[in-house]
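Asks: Submitted below is the structure of interest, expressed as structure tokens.
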Ligand code: SAH
Ligand code: SF4
């Protein structure tokens, strides 16, 4: 595994196009970019309006979006289809910057993690995880710093809520992940690598509604990431009114963190259940599924694809087109269910879950509990999880078990942030020690032995041990 704690004093941290994105550039846009606007988190509509307000044509928005999101270019001077005067103007009034990466881990099995600093202090860190599986590369994105909802099995909940992420900080996670595959690739040959996004990192996405929706609009926009709506999933603990609101403004896949099949147990595990109990949550899930593209749209799409196939044109079907070819395939909700030893994993719970889901088009994903320090639960045994899965499958449900890949890197949400915060504090202590040492022994000190890179190696070595 390639672990990198990015030290603010380390000279350069190359990401993406390898040009101007060294950590300190991205980290401190405030000085150079004071009074400028960050274009990274703007939707197409917002960017069109922005161009009009600076006296430019609307269509520039689509051009600039392609440079930023598809080619990973942040320097306006590299946007060669813009006139020189416009590039110069943009450099004066705007900038493009993702949040600062303070830590990254690239595992040999392809898993990648990033920790971003989105403010001052160890509490202002969020994480993003990329998991490759079955030919897909799925990115798990955070929506808030911490979370206010305090689910009893979740380490993010234990950190409390710090603040909502801005659109640039949310979409910036996807931008950085794609960038990490573009390194050393000439601009003209760059492609976006992330195939799927799940809003399952830190935070409750429906409690940071507008920035999350704006970011998902960028994910779906053909001029930005152009992802299929079935490949963008929002996961919620069940903020009922916001599920309806979500369905009003965007059509993405929905996952519900259920974790318990009755109100008594769910009140304990997911306290927001006291406000929005199961009967209301299930009704909202049903309403969400019943929305979606009308069948007539699908059959039009179906005909178009068949015509293409008849012409023997090279066609790659994405999930939407699959749906069009198979209109009977219904939209569904993914039900997430964390497996807590002896708490929610008994045969009676499986039976109650089957009754609860009756009539709701759903797929169930069992998540083996990811322990964290002082967690009041244990992970259900393999046998218990298999028995639970069998009960649901026998009742006709598609039920999968989330695999835990390389436990060292596949920490539960929020866990990695805790480790990095510890290490950052350790690094601070180190620096303090060095200063004390220098003050006491100025004449004797061999400065090279205490260089920043030395500290950095020490951090990496400690982690590896
Ligand atoms: N707040 C949203 C999305 C972020 S949590 C939600 O709750 O859905 C993403 C998923 O990780 C949720 O299903 C959550 O229940 C699960 N999760 C949180 N802590 C976990 C842990 N320690 N082990 C396994 N899954 C966990
Ligand atoms: Fe928040 Fe989701 Fe964690 Fe609950 S499970 S505390 S809603 S991040």
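Just so you know, all these numbers are worked out from the coordinates, no wet-lab data involved. Just so you know, these numbers come straight off a predicted model, no measurement behind them. Quick reminder, even Gly has a Cβ in these numbers, built from the backbone with ideal geometry, and neighbours come from all protein chains shown.
Asks: How much length, in nm to one decimal, is gained on full extension between residue 210 and residue 46, taken as 0.36 nm per residue of separation minus their Cα-Cα distance?
Replies: Extra length from residue 210 to residue 46 when fully extended: 57.8 nm.
Asks: Something else about it: Express in nm, to one decimal, how much length is gained between residue 351 and residue 150 on full extension, taking 0.36 nm for each residue of separation and deducting their alpha carbon distance. Can you show the working numbers first?
Replies: On the way: separation 201, 0.36 × 201 = 72.36 nm, distance 2.69 nm.
That pair, residue 351 and residue 150, stretches by 69.7 nm at full extension.
Asks: Which value in nm describes the separation of the simple spin-label points at residue 403 and residue 332, placed 7 Å from the Cα toward the beta carbon?
Replies: The answer from the label model is 2.0 nm.
Asks: Run the quick spin-label model on residue 395 and residue 136: label points 7 Å from Cα toward the beta carbon, then report their separation in nm to one decimal.
Replies: 2.4 nm
Asks: Now a separate question. For residue 291 and residue 81, what is the calculated FRET efficiency with R₀ set at 56 Å and r taken between the beta-carbons, to the nearest 0.05?
Replies: Calculated transfer efficiency: 0.90.
Asks: Which order results if 93, 37, 126 are arranged by neighbouring Cβ count within 10 Å, fewest first?
Replies: 93, 37, 126
Asks: Please arrange 401, 118 by counting, for each residue, the other beta carbons lying within 10 Å of its beta carbon, fewest first.
Replies: In order of increasing Cβ crowding within 10 Å: 401, 118.
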